[in-house]
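The values are calculated or read from the model by the stated rules, or taken from the named source; none is laboratory data. Everything numeric in this text was worked out from a predicted model, so none of it was measured. Note that we place each Cβ from the backbone using ideal geometry, even for glycine, and neighbour counts take in every protein chain shown. In case anyone asks, the SASA skips ligands and DNA or RNA and just uses the protein heavy atoms, side chains included. Shrake-Rupley method; radii C 1.70, N 1.55, O 1.52, S 1.80 Å.
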Number of protein chains: 4
Amino acid sequence: MRAVLLLQCPDRPGIVAAVGAFVATTGGNVVEADQHSDPAAGLFLQRVEFDVDASIDALRSDFGPIAENFAMEWSLRDLAARPRVAVLASRQGHCLADLLVRNALGELPGELVLIASNHDTHAALVGRFDVAFRHLPVTGDSAEARAAQERELGALLEQMNPDVVVLARYMRVLPAWIVERWNQRMINIHHSFLPSFAGARPYAQAHERGVKVIGATAHYVTPELDEGPIIAQQVLPVSHRDDPNRLERRGRDLEAVVLAEALRLHLEHRVIVYGRRTAVFD
Amino acid sequence: MRAVLLLQCPDRPGIVAAVGAFVATTGGNVVEADQHSDPAAGLFLQRVEFDVDASIDALRSDFGPIAENFAMEWSLRDLAARPRVAVLASRQGHCLADLLVRNALGELPGELVLIASNHDTHAALVGRFDVAFRHLPVTGDSAEARAAQERELGALLEQMNPDVVVLARYMRVLPAWIVERWNQRMINIHHSFLPSFAGARPYAQAHERGVKVIGATAHYVTPELDEGPIIAQQVLPVSHRDDPNRLERRGRDLEAVVLAEALRLHLEHRVIVYGRRTAVFD
Amino acid sequence: MRAVLLLQCPDRPGIVAAVGAFVATTGGNVVEADQHSDPAAGLFLQRVEFDVDASIDALRSDFGPIAENFAMEWSLRDLAARPRVAVLASRQGHCLADLLVRNALGELPGELVLIASNHDTHAALVGRFDVAFRHLPVTGDSAEARAAQERELGALLEQMNPDVVVLARYMRVLPAWIVERWNQRMINIHHSFLPSFAGARPYAQAHERGVKVIGATAHYVTPELDEGPIIAQQVLPVSHRDDPNRLERRGRDLEAVVLAEALRLHLEHRVIVYGRRTAVFD
Amino acid sequence: MRAVLLLQCPDRPGIVAAVGAFVATTGGNVVEADQHSDPAAGLFLQRVEFDVDASIDALRSDFGPIAENFAMEWSLRDLAARPRVAVLASRQGHCLADLLVRNALGELPGELVLIASNHDTHAALVGRFDVAFRHLPVTGDSAEARAAQERELGALLEQMNPDVVVLARYMRVLPAWIVERWNQRMINIHHSFLPSFAGARPYAQAHERGVKVIGATAHYVTPELDEGPIIAQQVLPVSHRDDPNRLERRGRDLEAVVLAEALRLHLEHRVIVYGRRTAVFD
């Protein structure tokens, strides 16, 4: 089995040695190891990937006392377990289609189990890929209609029980109770290089400001809109020739690639959230 | 002579033909021509570089009626004229040093005529390059001391009469009366990808927010801090390993390169400001 | 109608004025114009996009004498005409899938009319998108088997008569007679930043050489393998952590994006080939 | 003291634990640790930076048996020791000037002790910075003249005994006996993205081939020209507008930045050479 250990704890001497000794004791062989000290926060973070001939339960049980000794937050996982992925989308289909294709080609280190949308625009597209599609329309503008749709969505997610929820250009703000339920397991793509141009219509904002670079940001969702810990960002140079429509077209490729990258990093257990930041061990 | 024509005017049919005919009439040969239509603003912008055997005054005189006909804002310049450049700096020396070196190596399409600073940190460095250095300290924290230094600076700029003023990490906010005097002829480097992290300590802000990309922005200075039209931006990927000090170190190279690029574009008459934006014909 | 004029001719005074006058005479209004002089080659190249109320045939007829006068190679096209696109693929599906999705989402300025492959790996995927799929296997290793498949492919292309043929990771070398038939209308994606690592297994070559940057190159196909005029290239930084498999995975996104970009540029008539080079007016 | 341990050895279980235990035993605290396994080569590489209250000699002595046990190639260094840097240059001054400025601003984690050149073009510039300059002209085209200059250069390097020799656009091929003497301690900047355009006039070659991306490569020098292990590469997008002169101008910034980056990585002991490749732990 190939196992992944993620941990964070107060920094003090001896952590690396203790973790190294743990892996050696299990007869494991380290394949990848990466770590980070944040002196300002007094934190130590580490990711260790190792081959080992033991059950994940036995490993967890063996590691417990070490973790307790160093006051670690930690997880130990079997890399072969394929996490379940749910995707929420709206009218824009490029990020959704990109994930469908990666799933169909076997490039996703996880499994698409559900696509849900407040529009039925892409029902047929999803159907082509034999993935479950659920249409959750918001009927009218009333607060009640919104709340009803949110309850339906919340219940659907509970039922499908994905390991991660991906907002692939889902254009509705989710209520705090859903966001908190999927804390650090819900990834959004925002079509700007945050913190620039948070909120609505970022390409129009970028054009209005006359920037020479646009970007896309994948981040964990928190109750504060577009404020969650950033997992991945990419940018591309633009010029005065790029009007808002052209910015949008050029940005689409970026959004799809950044979202897929962030999802891969999450599914391979390469991301540790600490404070408002992430450490990405890739 | 190689001449450069920059123009902007309300967009309507016939502008390109009229400008083309003008150059043909002068016996000139177009070397580079680039143009841009902004339908939303109803504007047409053009840069034409052409070889011609005529005086700049004669050309300007010939072009006047065409410009009037199309209600153009325009300029016609001799590319061989080397603009005069003044640089303001503070304690950080990397952007200043970069410009000194480019000047010494003959890479700058202009001439450094003055370095002024509120600190004398780099007097010796500037002296090595035989460029005039003026130390304009602010003596004390009072409003009077600030105003006195600003008057001295304003007078010095009047006296030296540069074609462009470069703020090479000059860390004081200039008064509106100086900014307005050098409108569209004063270039600042800000050490973030604006509009993210305007104001003080952008690298600390970037680290606090946990971004995965940092940047630098060169822009024309306007009375609203860090809000002027952007000339050039560049970015580089960063990670959780980059603490604020490391961000600052890595950002320095970016700042120097972006500022030098923006200055070159300005000195080669490649930038047209329209509204809050620039068209850069490079 | 929105028309696009592409031209190249020996550089001499008066071309810009003549083209400007032509558009003015037709009552057209220039939307985009871009040009390039190559003094070393003595060439002038231009792309003009203009709105006009006339038939494409009338425009061509009117432009003929001007073109003759300046000895131009030229084309005049209606931008609304949607070119027909054929795609050849082999076992790797990411570039093919990317084009299928763009086509399905209406993002392609053309129409997929045919997918052909020497393998049937992606027959089902193509079927999901209601695009014609033809399996053209090579039966055995003999020269006769190869030639038979090539004849079949050549005949299929003749019959479908696409405006452009895209090699989306098609892993067979095409015979010169097919390449020449589709001269400047056949685009290949090579998975390296050419001219580095031409030929087979570029990611393995890149890893062996220890480069810190990999790339992808879209180019017109010529009889000399991987030597045709380059349309688009993109790169991404890599490190010692990237073994050949990881390079391949990371490169896939790049390949799909670069190929789609080159195809868009071609379909929007933004590319002029001159000598071994292209001018890309985007 | 802050110490840096670099090591490589055949990969087998227990290395990480042994190194972790070593640091713990010395009372040291790990500040940064990074490692890499290359399964194809059967190699394990590691860099550990740690704070410790001990002499470098004592540490080396303590680590010896561990290193022997795992058949390691290794080094243990005091990060505070500032390595001595010699620079060779020719007529182009931008890389040289960049290093002089970084040295003057205190940004170089080492000390410039010598600039030598086959031309005296930059004697005055170097003089401005109070760094020793030696002019080593080649008098005539004869093999004897070349050999005489090489002997003089070799003797000068022996005498100055730098820790690293930087070829900052030094345009002469060095003889094997000098290259071998400074094996893995001599860094060259080549003005292309190697392996493309090795040898002479890479910008002219790049223009001739019509590439859309140019680059610069810093690498350790080996007897085979432009074939040594690559430390750093950077690239920038170009277009048909970039003639060879413009490519050269735009490339200069890239060259200076990439060379300075590679030198910093070397001086901070972040590079391990294995086979034809480097692992860069940054």
Exercise for the section: Please identify the pairs in which a residue from region A:1-16 that is touching a residue at least 60 places away in the same chain (Cβ under 8 Å) has its Cβ atom under 6 Å from the Cβ atom of a residue that is hydroxyl-bearing (Ser, Thr, Tyr), counting only partners at least 6 apart or on another chain. Expected result: A:6/A:75; A:8/A:274
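On the given criteria, is residue C:221 at pLDDT 95 or above, farther than 28 Å from residue C:272 by Cα and β-branched (Val, Ile, Thr)? Quick ask: steps written out before the conclusion?
On the way: at pLDDT 95 or above: yes; farther than 28 Å from residue C:272 by Cα: no; β-branched (Val, Ile, Thr): yes.
For residue C:221, the condition - at pLDDT 95 or above, farther than 28 Å from residue C:272 by Cα and β-branched (Val, Ile, Thr) - is not met.
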Handout entry: Positions within region D:31-56 being among the polar types (S, T, N, Q) and not in a strand (DSSP E or B), in sequence order
Key = D:55
Problem - One residue from B:256, B:260, B:232 being within 11 Å of chain A (Cβ to nearest Cβ) and either in contact (Cβ under 8 Å) with a residue 24 or more places away in the chain or of a type in the set (Val, Ile, Thr) (or both) - result: B:232
Exercise for the section: Give region A:1-17 a look and list any residue that's closer than 16 Å to residue A:76 by Cβ and surrounded by fewer than 17 Cβ atoms within 10 Å (Cβ to Cβ), or say none. Expected result: A:1, A:2
Practice task
Just one of (1) surrounded by 19 or more Cβ atoms within 10 Å (Cβ to Cβ); (2) more than 18 Å from residue D:128 (Cα to Cα); (3) of a type outside the set (D, E, K, R) trips up residue B:97, so point out which.
Solution key: (2)
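May I ask you to say which residue of A:41, A:80, A:58, A:104 is more than 14 Å from chain D (Cβ to nearest Cβ), among the aliphatic types (A, V, I, L, M) and within 30 Å of residue A:250 (Cα to Cα)? Give the derivation first.
Working: A:41 fails: within 30 Å of residue A:250 (Cα to Cα); A:80 fails: within 30 Å of residue A:250 (Cα to Cα); A:58 fails: within 30 Å of residue A:250 (Cα to Cα).
Exactly one residue qualifies, and that residue is A:104.
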Exercise for the section: Please work out if residue A:50 is closer than 25 Å to residue A:282 by Cβ, open to solvent by less than 10 Å² (accessible area, probe 1.4 Å), more than 13 Å from chain D (Cβ to nearest Cβ) and aromatic (Phe, Trp, Tyr). Expected result: no
Exercise for the section: Have a look at B:189, B:178 and point out the one that is surrounded by 15 or more Cβ atoms within 10 Å (Cβ to Cβ), in a strand (DSSP E or B) and in contact with a helix residue (DSSP H, G or I) (Cβ under 9 Å, 6 or more places away or on another chain). Expected result: B:189
Completion exercise
Taking region A:192-218 and keeping residues facing chain B (nearest Cβ under 9 Å), without any contact (Cβ under 8 Å) to a residue 40 or more places away in the chain and either in a loop (DSSP other than H, G, I, E, B) or within 30 Å of residue A:155 (Cα to Cα) (or both) leaves A:194, A:195, A:196, A:197, A:210, A:211, A:212
Problem - Meets criteria (under 28 Å from the mean Cα position of the chain (by Cα), more than 9 Å from chain A (Cβ to nearest Cβ) and not charged (D, E, K, R)) for residue D:8 - result: yes
Exercise for the section: Return the total of residues in region C:57-116 being part of a loop (DSSP other than H, G, I, E, B) and of a type in the set (Ser, Thr, Tyr). Expected result: 1
Exercise for the section: May I ask you to verify whether residue D:270 is away from chain C (no Cβ under 14 Å), under 11 Å from the mean Cα position of the chain (by Cα) and farther than 30 Å from residue B:34 by Cα? Expected result: no
Problem - Members of region B:120-151 found to be away from chain D (no Cβ under 14 Å), in a loop (DSSP other than H, G, I, E, B) and open to solvent by 40 Å² or more (accessible area, probe 1.4 Å), listed by number - result: B:120, B:132, B:137, B:139, B:140, B:141, B:142
Problem - Number of the exception - residue B:226 against (1) open to solvent by less than 20 Å² (accessible area, probe 1.4 Å); (2) without any contact (Cβ under 8 Å) to a residue 40 or more places away in the chain; (3) facing chain A (nearest Cβ under 8 Å); (4) not small (Gly, Ala, Ser) - result: (3)
Problem - Pairs with Cβ under 7 Å, 6+ apart, first in region B:236-252 and touching a residue at least 24 places away in the same chain (Cβ under 8 Å), second of a type in the set (Phe, Trp, Tyr) - result: B:244/B:203; B:247/B:203; B:248/B:203; B:251/B:203
Fill in the blank from the handout: Within region B:61-80, the residues that are within 25 Å of residue B:163 (Cα to Cα) and without any contact (Cβ under 8 Å) to a residue 40 or more places away in the chain are B:61, B:64
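So, residue A:84, is that one open to solvent by 20 Å² or more (accessible area, probe 1.4 Å), modelled with pLDDT of 95 or more and under 18 Å from the mean Cα position of the chain (by Cα) or not? Write out each step before concluding.
Working: open to solvent by 20 Å² or more (accessible area, probe 1.4 Å): yes; modelled with pLDDT of 95 or more: yes; under 18 Å from the mean Cα position of the chain (by Cα): yes.
For residue A:84, the condition - open to solvent by 20 Å² or more (accessible area, probe 1.4 Å), modelled with pLDDT of 95 or more and under 18 Å from the mean Cα position of the chain (by Cα) - is met.
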